[in-house]
Structures are given as C-alpha cells and as structure tokens.
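Comments concern the structure below.
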Amino acid sequence: MLNFPRWAVAGILLPLLIGIFCAVPSFLPDRVVEQMPKFMQTRVNLGLDLSGGSHLLLEASTQDVAKQRIANMEEQVRTELRRGDTKIAIGDISSRDGKLSFMVRNPSEVDAAVERIRPLTQGAGLTGQRDFNVEVVNSSTIVVTPTQAGIDNAVKGAMEVATEVIRKRIDEMGTREPTIQQQGANRIVVQVPGLQNPKALKDLLGQTAKLEFKLVDVNANPAEVAQGRAPVGSEVLPYPTNPAGPPVIAVYRQVMVSGEDLTDAQQGYNQQGNEPIVNIRFNGAGGRKFGQVTSQNVNRPFAIILDGKVLSAPNINEPILGGSAQISGSFTVESANQLAIALRSGKLPVALTVVEERTVGPQLGADSIRAGLTASIIAVAAVAAFMFLSYGRFGMYANLAVAINVLVILGVMGILGATLTLPGIAGFVLTIGTAVDANVLIYERIREERRRGRNVVQSIEHGYKEASRTIFEANVTHAIAGGIMLALGSGPVKGFAIVLLIGIATSVFTAVTFTRLLVSYWVRAKRPTEIHI
Amino acid sequence: MKLLKLVPDNTNIGFVKLRHWAFALTALLTVLAVGATFYKGLNMGVDFVGGLMIEAKFETPPQTDRVRTVIDRLGVGDGSLQQFGDPRTVQIRLPLPEQGGAGAANAIVEKARKAMTAEFPGVTFSRYDTVSGKVSGELIQNGVLAVMLAVIGIAIFSWLRYEWQFGVSTFVAIMHDVLMTLGFFALTQLEFDLNIVAAVLTIVGYSINDKMVIDDRIRENMRKYRKMDMKALIDLSVNETLPRTVMTSVTVLLALGALLLLGGHVLRGFTAAMMLGIIVGTYSSVYVSSSLLITLGLSPATAEKKAAKANIAAQAERMGPRDDGAKP
C-alpha cells in the first residue's frame, strides 16, 4: 500500500502537473495569453454574472409559423389553380383552426383540383412524409390540413434560419464573443458579455425586418379606410406617422419588391443632409422590377412597409432605375442604423419575443469577482490553519493537496472551456471545505487504528484502505446530486454544478492518492515508530 | 506541539437512548418549518414568480421612502423595495406587464432609469432580470423536480448498496433537512431564487455524504461484531465516526463563513442556506438517521443474508485477475 513503483509515481504526478499548467493562463493578463499558441489558451471563461453582460432567452411562437405556412399555402393554391389553360374556379376560401379549406365551384373539377395541389403538399426532404394532408369533404370542399411532422419541420427550419440571422445581426453590432445557441424546439439563448446597454440589442432582435414596397391605393375612400375597410385587392395597414390624417393607409396587396431582393443597406442622410435615412441597393432582378413599377406609376405614391407597418409613403417623382433607393421615415441616427443592420442580415422567418433577460453591469461583476476571490483566500487560509492545528504534519500534506486541487480544478475547467459563475465560486469554496473531508476520514481512521494498538505502518495502510471505500461511496452520492443539478439547472446553477462535479473528481485524486504518495515517502525516509496525528 | 482535538478519544455517548426525544424534537421542528412555509410563504424571487427585478446602486445612501415615491409615480404596478447590507444598494421588484412582452418590460426599465436618474443623480442599475410567467413556471418545475430526483436517487442508491432500512432512514433524514431549509427561508423571508435551489441540492449532497460515512461504519461493524446488540452497535459506530463528523462540519462551516462575510451580497442568501443546511444535516446524521434504523427493525440477521449474497458476488469478481494490492 505504501510502495509506489516509479511508473505509478509518474502516473500520479503527471496529470497533476498538466492540470496546474493549464490553470496558469487564467491568471495571466489578456495580452500575454493572446500571444500564446492556441492549445495553451486554456482559460476559465467568466460567466455573465462575473464579467457583466446580458443573457436573453428568445422564444418563437410555433403558432406563428403554422399560421404563416397556411397563408403561404393559400397563396400557392390560388396561383396554382389559376395557372395554365384549364383554370379551376374556387370560392369560400378560409384558413381557420390552422386548416385551409375552399370550395371548388364546379364539382366535376374536384379531382383535378386535388391532383394539381397535391405536389404543393409534399415535404421537401426524402422522408416520404407529407407536409399537408388533402381531403375532400361534402364532395366539393377541399380541406388542406398541416401534418404535425410538417409543422415540426417548418419550425426546425425557421429556427435554424432565425439563429443564423441573429448571429449576423449581433456580429454587425460589433460586440465581442457573443454566444448564440438554439435551446429546445423553439428557443434561442443569446449571451453577450460586457454589453453596457442591452436595449439596442433587444430592439434589434425584436424586429422581424420584413421589408416590402407596395403601391398606395389612392382610389380608396378615405372614410372607409379610416374604419379599416379597403377595396378588393387592397388592404389597410397602420401608418403611425401619416402626415395626412388617420394613422392608417390603403395599399394594393401585390408586392412590388421585397427585402429579399436587397444586396446592401446603409445608414445615410437625405439630400438636405439633416434627416437620417437608410440607403438600400437592390440586386439585378429587384432593381429591374423596381425600375419597371416606378416607371409605370410616376406621380403616384408607394408605401415602404416594415413588419406590417408603413414607415413612409413617398411620391414617385421620376422612375427609379439605378437599382438603389432610400427609405425615409422619421428615423433617428440610431434607429436608421439599426434598420440598416436588420435589413443587411435578412428578415427573421418568425417573430421572437424575449421571455427571460438577465443583465449584470460590469461594475457589479468586478465587485463580485473581488469579493469571491477574497472569500476564497480567507476560506483556504482558515481551513489550512485548522487542518494544521488538528493533524500537524499530516494536516500540511492535506493542505498541499487542497492547494493543488484548486489549481487542477481551474486547469480542468480551462481545458473543458467551462464557465465560472458566481455560484461557481461558492462551489469552489465548498469544494475546499469538503476536499479535506477525505483527509479527515483517513486521518481519523489512522488515529483509531493506532489506539487499537496497530503499529505505524499498519495503521496508515489500514487507514487509507478502509477510508477509501467510504470516500468512494460518499462521493458517488454527492456526484448524483451534482449530476442532477447539471442536467436540470439553468445558467448560474449549471456553473455551480460543473465546479462541484470537477471538484469531486479531482479532490478524490488529490486527497487520497496524492497524500498517500507524500505519506509513503515520509514513512520510508524516516521509518517513524510513533506518529503525531 | 499539542494537536487540536475537537472530540475527545473514545467517546461513548448514548445517542440511541435519546432517540425518542430526538424524534419528538425533530418532528416538532419539521412540523413548525412546514407550517411556517405554508403560513408565511416563501419570498419567491423573480425566477419563480416572474416579473422585473432591478438592483440600483446609489452614490449616497438614499431614503427608501423617496425611492418608493419615484417608483409609485411610474404607474407600472405595485413595486416592492428591499435593501441589502450595503445601504447604497436597493432592490426594486415590479410586476411584468401582462401584455406587450419584452418591449414593454424594456420600456419599464427605461422609464425607471429616467425617473431615478432625475431624482438621484449618479444612480446606476447594476443588474436587472426580467422573467416571463411561462419561464418562471418551468424554472419552478425544474427546481422541484431536481430536488425530488436527487433525494429519491440517493435513497435508491443507499437501498441497493445496503439494506432497505438505510434507504428509508436516509430519505427521511434528507427530507427533514430540505424542509428545515424551506422553513428557514419562510421565517427569515430571504429571497428564494434559482441559486437557493442549488444550495438545497448541495445540502442534500452534503447531508448524504455525512450519512453514508456513518452507514458505512455501521455496516462494517455489523460484519465485525455479529453478536453485538444493535443499539450498542449503532452507538459505537456513531461515536467512532463522531470526530470526523465534527471536524468536517467545522471545516466546511469555516469556508462558508468566509463566503458569508466577504463573498458579497449576491451570494448571501445562498451561503446562509448552506450553513444552516450543514448544521441541520449534521444533526440529522447523528441523531435521526442512524437511530431510525432501529425503529425500522434493522438487525444483524437481515444484514447477514444480504452479506451472504454480496459474498457470492464478491467471489464471482475474484474470477478475474486479482488486483487487491497484494504483492508477492
């Protein structure tokens, strides 16, 4: 038990040395670490509660996605049945309860209609699953119902795109090291360290940024528009900054050009140079379409629509042919810039709402680190003094083990890229307290064995052997609690669980194996006949 | 140098004899704790009830009445103020607007910031949290689930490892620790948030650690002294492990004490919960869980049956290469 072959000594010391080595970068200033090779940059990440910053949990409404799909399907069905030589007349179109239903005017064309819309309902993948089911009810009404698999797929796709769009938008803001992760089926976690004011970020993420250009319906009756009624083929949209009367306006349903045809958007100023605007540039097809429509509608107004709201409705003074245009609409420099970013990064396929937000100012974060560090140092000192007073030389061995343990935990966290949170510091302090428990168990056992009259070497051997079993069992149960915390906890609690679990693993190694090595060297060198423990 | 010994050698305290008193006292305290939790309720943080929490730091200690007036004037619902040890820091709690979602919560924070800056120049919001009702519901669910899973998981582990009586006694003792912690939070009205769930889980982990050590010793002694009376055997085991129990509790309390005094206000509730839990857990290890084994009818006979089974298993293990440290 007390004899260690050379390879075993190496096997014990090597991992400890690697652990300590990996802990070093965490104590060095940023400048030094950046110059080190990549694999040596094993630093502990600071959680948002220590570095300051914002944590946002965004949620997409799956109902929204489903609704949009039905709306798209309606559009597709209309176009499909109107296309070609054999038009099929339909009516009574409704999309309620998440289903699309319509009546085929001529009952003899029902089968033909089903044949023609069937290709629209096929899933995009090779799974062979349908995205929609098509049924005929009452011999002339066709009902298109989305399948669950189809909705799930659509949500999955929408979330992937949304995550990408959010990443682009945050990168455009120029913040450092943001974390953007999808969580569960319809949520996205965004963590931005060191952000002073998350308001701008939230405003940016809150925009869907769906941009459309539509012609204003100047023939609509203003009184009816004010009441929300529009002529056939037109719709009434909110227009909060309408200079002429009510905050609504009637526009034609047909989209002239949309945000998908943009290649660039930049904040700028109008010709008078006093009002912030957004300069946009269309791609080839978009530019041609825009030029065509504006040529045909000179001296009529068109509406610039963002997320279903009209920003402004300027007059077309002359055809706009160059493929670029400007968006005006009572912007501030900040909001114009934000819109430019949003337009550059594309529109979100689904609206997102913030369901959880945690923001910590950098000052409080720095205070917490300082307080946590002081507390840890005092805790280590108090425990070390107590161990020395209780167990003398053996107490010092345990203290050395604890000191190494602290460094190894930091090193392992650095290797794993784990995050240290404020509760994580508490986990550290607690680990210091419990790490010596293993040594207490062993030393108390050695004391007992001595009292029972065993000789020094036998007592030590027995103490380590008997106590090891207990230590193992106690730590397994402790790890069960830690594992559950890791699995179910969120944010800071996870940080605590990580430190706890790493601490359990490393402390067993340092407190049992490493101290045994130290004790064995001492026993072999001194051959004591009496021990002071 | 004379070494420090908190517990003298060879103590012989009759813990088992005291068990009826201990059970009565424990039951009474637990009932009081549960009563307090139901009667006074827990001061749930925004994590669990949803809402808006702003922590404002002032240049000079403000009068809370003036802060309250400013908040009331905002007209965004019933606010509540809370002060920590630091007189310059005030925590403001506001309900989340029912409609408008994130944008509305954002607007409230901005409104509050403007109003406060006008009234108290130099004030900063050192942190703020907004949690929607839906998320807070999930957090509660996860918190309760986590604690229950931990307690049950550990009880099953100790049942499989030893006899069923160990599982039951551990379960009872740990539930006692958890309930006492809840009672403590109800009485002190310290804020009960996500971090406290972590603290409760840690208490569970620590307390079980303590009980495992004693249970392990009881089992060891049952094998060693087959003819010994169960009561005497449990007393012997608890006394033998007493120095370790006390030593470890003291070291952990020392470490936590440093954190309580110096670790900053954000962690104060968390640390207080853990310190209480350590004390309660140590008490229940010594007085409750081991004595309960007798009430549950643990006897050497039942243990022997299990040991015999374990022996067969152990022999089976020996079929492989031996690695028990024996050297030729």
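Carbon-plus-sulfur accessible fraction, region A:330-419 (probe radius 1.4 Å, protein heavy atoms only): 71%. What translational D, rounded to a whole number of µm²/s, comes out for region B:46-203 from Stokes-Einstein when the hydrodynamic radius is the Kirkwood one over Cα pairs, at 20 °C and 1.002 mPa s? Estimated diffusion coefficient is 118 µm²/s.
Calculated FRET efficiency, A:Asn219 and B:Val34, Cβ-Cβ r, R0 60 Å, to nearest 0.05? Walk me through the intermediate numbers first.
Values: r = 73 Å, r/R0 = 1.22.
Once the sixth-power term is evaluated, E becomes 0.25.
Taking trypsin sites (Lys or Arg not before Pro) as exposed when their DSSP state is a loop state and no more than 14 other Cβ atoms lie within 10 Å, the longest site-free interval of chain A runs over A:254-451. When chain B is described by a simple charge dipole with +1 on each Lys and Arg Cβ and -1 on each Asp and Glu Cβ, the residue from B:Val238, B:Val144, B:Ala272 located farthest towards its positive end is B:Val238. Given a 1.4 Å probe and the protein chains as shown, A:Phe388 ends up with an accessible area of around 80 Å².
So how much slack lies between A:Glu177 and A:Lys526, counting 0.36 nm per residue of separation and subtracting their Cα-Cα distance, in nm?
Details: separation 349, 0.36 × 349 = 125.64 nm, distance 5.52 nm.
Roughly 120.1 nm would be gained on extension.
The alpha carbons of chain B stretch over 80, 48, 47 Å along the principal axes, in descending order.
Ignoring everything but the protein chains, give the 1.4 Å probe accessible area of A:His462 in square angstrom, nearest 10. The accessible area comes out at roughly 60 Å². Take A:Val412: with every protein chain present and a 1.4 Å probe, its accessible area is about 40 Å². When only the Cβ of Lys, Arg, Asp and Glu is charged (+1, +1, -1, -1), the dipole of region A:62-152 relative to its Cα centre reaches about 140 debye. Counting Cβ atoms of other protein chains within 10 Å of each residue's Cβ and taking the mean over peptide B:131-139 gives 4. Ordering A:Gln458, A:Leu486, A:Phe472 by Cα displacement along the dipole of region A:436-498 toward the positive end leaves A:Gln458 in first place; charges were set at the Cβ atoms of Lys, Arg (+1) and Asp, Glu (-1).
Between the amide H of A:Thr263 and those of A:Arg281, A:Phe282, A:Asn283, distances stay under 5 Å, these residues lying 5 or more places away or on another chain, with hydrogens modeled in the peptide plane.
What is the interface area between chains B and A, defined as buried accessible area summed over both chains with a 1.4 Å probe, reported in Å² to the nearest 100?
Working: alone 18240 and 28140 Å², together 40120 Å².
About 6300 Å² of accessible surface is lost on pairing.
Phi angles across region B:46-63 convert, under the Karplus curve 6.51 cos²θ - 1.76 cosθ + 1.60 with θ = phi - 60°, into 3J(HN,Hα) values of 4, 3, 9, 10, x, x, 10, 10, 10, 9, 9, 10, 9, 5, 10, x, x, 7 Hz, Gly and Pro given as x. Considering the dipole of chain A built from charges on the beta carbon (Lys and Arg +1, Asp and Glu -1) around the Cα centre, which of A:Ala71, A:Ala89, A:Ile377 is farthest to its positive end? Value: A:Ile377.
Loop-only trypsin sites (Lys or Arg not before Pro) in region B:13-101, please: DSSP not H, G, I, E or B, and at most 14 other Cβ atoms within 10 Å.
Working: sites: B:Lys17, B:Arg19, B:Lys40, B:Lys57, B:Arg66, B:Arg68, B:Arg73, B:Arg88, B:Arg93; in loops: B:Lys17, B:Arg88.
Counting only loop positions with at most 14 other Cβ atoms within 10 Å, the trypsin sites (Lys or Arg not before Pro) in region B:13-101 are B:Lys17, B:Arg88.
Probe radius 1.4 Å, ligands and nucleic acids ignored: give me the carbon and sulfur share of the accessible area of chain B as a rounded percent. Could the numbers behind the result be given before it?
Details: 9510 of 15150 Å².
The C+S portion of the solvent-accessible surface of chain B is 63 percent.
Mind checking the per residue accessible area of region A:158-307 for me, 1.4 Å probe, whole number of Å²?
On the way: 7560 Å² over 150 residues.
Heavy-atom SASA per residue in region A:158-307 reads 50 Å².
When all protein chains stay in place and ligands, DNA and RNA are ignored, the 1.4 Å accessible-area order of A:Thr434, B:Thr248, largest first, is A:Thr434, B:Thr248. Relative contact order of region A:281-436: 16 percent, from C-alpha pairs under 8 Å at least 6 residues apart in sequence.
Spin-label model, A:Arg78/A:Ala226: points 7 Å from Cα along the beta carbon direction are separated by 2.9 nm.
Of A:Phe496, B:Phe157, which has the most accessible area with a 1.4 Å probe, and how do the rest follow in descending order? Working shown, then result.
On the way: A:Phe496 0, B:Phe157 45 Å².
So the residues, ranked largest to smallest area, are B:Phe157, A:Phe496.
Take every residue in peptide B:104-113, count the Cβ atoms of other chains within 10 Å of its Cβ, and give the average of those counts.
Values: counts 0, 3, 7, 1, 0, 5, 2, 0, 0, 2.
Taking the mean over all residues of the peptide, I get 2.
Here the convex hull built on the C-alpha positions of region A:62-152 has a volume of 93 cubic angstrom per residue.
Applying the Karplus relation 6.51 cos²θ - 1.76 cosθ + 1.60 with θ = phi - 60° to region A:274-280 yields 3J(HN,Hα) values of 10, 10, x, 9, 10, 8, 10 Hz, where x marks Gly and Pro. Working from Cα pairs under 8 Å separated by at least six residues, relative contact order for chain A is 19 percent. Distances between every pair of Cα atoms in chain A, grouped in 10 Å steps from 0 to the bin holding the largest one, split as 3, 13, 18, 17, 13, 11, 10, 7, 5, 2, 1 percent. The sum of -39500 (n - 2.57) across all DSSP H runs of n ≥ 4, divided by the residue count of the protein assembly as shown, sets its helix-only mean residue ellipticity at 222 nm to -19000 deg cm²/dmol. Each Lys or Arg adds one and each Asp or Glu takes one away; over the other residues whose Cβ falls under 14 Å from the Cβ of A:Phe302, this sums to +1. The alpha-carbon atoms of region B:51-131, seen along their principal axes, cover 35, 23, 19 angstrom, with the largest extent given first. When all protein chains stay in place and ligands, DNA and RNA are ignored, the 1.4 Å accessible-area order of A:Ser520, A:Ser108, largest first, is A:Ser108, A:Ser520. Applying 1/(1 + (r/R0)^6) with r as the Cβ-Cβ distance of A:Thr353 and B:Ile279 and R0 = 45 angstrom yields a FRET efficiency of 0.55.
On the principal axes of its alpha carbon atoms, region A:490-533 extends 54, 17, 8 Å, with the longest extent given first.
Using a cutoff of 8 angstrom between alpha carbon atoms and counting only pairs six or more residues apart, the relative contact order for chain B works out to 25 percent.
Per residue of B:150-156, other chain Cβ atoms within 10 Å of the residue Cβ number 3 on average. Phi angles of region A:101-117 translate, via the Karplus equation with coefficients 6.51, -1.76, 1.60 and θ = phi - 60°, into HN-Hα couplings of 9, 8, 9, 8, 4, 9, x, 6, 9, 4, 4, 5, 4, 4, 4, 6, 8 Hz per residue; Gly and Pro are given as x. Remark on region A:25-65: Rg and Dmax equal 17.5, 50 Å (Cα only). Residues of region A:395-432 whose accessible area, computed with a 1.4 Å probe over protein heavy atoms, drops by at least 20 Å² once all protein chains are present relative to their chain alone are A:Leu422, A:Pro423, A:Ala426, A:Val429, A:Leu430.
The values are calculated or read from the model by the stated rules, or taken from the named source; none is laboratory data. Since the model is a prediction, treat every value here as computed from it, not as a measurement. As a convention, Cβ positions derive from the backbone with ideal geometry for all residues, glycine included, and neighbour counts pool all protein chains shown. These accessible areas exclude ligands, DNA and RNA; they are computed on the full protein's heavy atoms, side chains included. Shrake-Rupley method; radii C 1.70, N 1.55, O 1.52, S 1.80 Å.
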